[in-house]
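Engineer: Following this message is one structure expressed as structure tokens.
The values are calculated or read from the model by the stated rules, or taken from the named source; none is laboratory data. The shown structure was predicted, so the numbers you read here are calculated from the model rather than taken from an experiment. Neighbour counts run over all protein chains shown; Cβ positions are idealised from the backbone, glycine included.
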Amino acid sequence: MKSRTAKERKLKTDIVQKNVIRKDLEKRLSTIRRWTEALSRTHRLQRKKKLEASIARYKDQAEHLKKELLSKDEELEKRIKEEMAYSEEEIEAFRTRLNRGAKELQKAQKKLEETKSQKSPETKPRLEKLLKEESNKVKRDEKELKSEERDKALFTLELKRIALERKLYGS
């Protein structure tokens with residue numbers, strides 16, 4: 001479980017790094033558009049030369065960022081799909097464990113109620129402890145299931161973003 005969590009953390013960190021690259025690329029492209037508009041409006045020769053040099057430099061940087069973004073997209077897409085396959089299996093395992101735990105919790109509650117009616121003091125603490133343990137297991141499994149479903153939604157969203165980036169920036 002810890003190795004899965006470490007892999008998920010690394011994947012999420014890489015997704016954040018890729019999104020930082022995308023935002024930087026978007027800033028550069030926006031700046032290039034602004035400077036291109038300013039270049040078409042200006043009539044001063046010295047200003048035009050500066051803008052042309054800056055635009056050329058930013059275009060080179062943008063091309064480098066596009067290549068880097070697309071390579072990260074490719075690598076992340078493979079890893080996300082692999083992780084989602086594991087997530088599907090984990091979600092099913094948690095659901096079955098959650099159902100089993102809920103049934104055991106109901107059984108423990110029934111036994112506790114029966115013991116209360118019989119007024120047997122020696123078995124009551126054991127059953128209360130069992131009930132508490134089962135309740136904690138069910139809560140833990142519910143929390144893990146929610147986490148896995150949230151991760152699945154995040155990865156699905158990221159796959160859509162990757163597809164959009166490929167359309168926008170080529171590949």
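For every residue, the table says whether it meets (1) surrounded by 14 or more Cβ atoms within 10 Å (Cβ to Cβ); (2) at pLDDT 95 or above; (3) closer than 30 Å to K139 by Cα; (4) out of contact with any Pro (no Cβ under 7 Å at 6 or more places or on another chain).
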| position | (1), (2), (3), (4) |
| --- | --- |
| Q17 | no, yes, no, yes |
| R28 | yes, yes, no, yes |
| R34 | no, yes, no, yes |
| D73 | yes, no, no, yes |
| E77 | yes, no, no, yes |
| R95 | no, no, yes, yes |
| L98 | yes, no, yes, yes |
| G101 | yes, no, yes, yes |
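Engineer: Report, by residue number, each residue of region 37-66 that is closer than 30 Å to K18 by Cβ and in contact with a helix residue (DSSP H, G or I) (Cβ under 9 Å, 6 or more places away or on another chain). Steps first, please.
Structural biologist: In the first step, residues of region 37-66 are kept if they are closer than 30 Å to K18 by Cβ; the result is 37, 53-66.
S54, I55, Y58, K59, Q61, A62, L65, K66 - these are the residues of region 37-66 that are closer than 30 Å to K18 by Cβ and in contact with a helix residue (DSSP H, G or I) (Cβ under 9 Å, 6 or more places away or on another chain).
Quick grid of which residues meet (1) in a helix (DSSP H, G or I); (2) in contact (Cβ under 8 Å) with a residue 60 or more places away in the chain; (3) touching a strand residue (DSSP E or B) at 6+ places or on another chain (Cβ under 6 Å); (4) under 30 Å from E144 (Cβ atoms):
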site: R9; (1), (2), (3), (4): yes, no, no, yes
site: D14; (1), (2), (3), (4): yes, yes, no, yes
site: I21; (1), (2), (3), (4): yes, no, no, no
site: D24; (1), (2), (3), (4): yes, no, no, no
site: S30; (1), (2), (3), (4): yes, no, no, no
site: L39; (1), (2), (3), (4): yes, no, no, no
site: A53; (1), (2), (3), (4): yes, no, no, no
site: L65; (1), (2), (3), (4): yes, no, no, no
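Engineer: Under 7 Å by Cβ, and 6 or more places apart or on different chains, what pairs join a residue from region 146-168 that is under 18 Å from K7 (Cβ atoms) with one that is modelled with pLDDT of 85 or more and assigned to a helix (DSSP H, G or I)?
Structural biologist: Sorted first by the residue in region 146-168, then by its partner, the pairs are D151/E8; F155/I80; E158/I15; E158/I80; L159/E77; L159/I80.
Engineer: What do you reckon, is Y58 modelled with pLDDT of 95 or more and not in a loop (DSSP other than H, G, I, E, B)?
Structural biologist: Details: modelled with pLDDT of 95 or more: yes; not in a loop (DSSP other than H, G, I, E, B): yes.
Taking the combined requirement at face value, the residue satisfies it.
Engineer: Restricting attention to region 49-89, which residues are more than 15 Å from E158 (Cβ to Cβ) and acidic (D, E)?
Structural biologist: E52, D60, E63, E68, E88, E89
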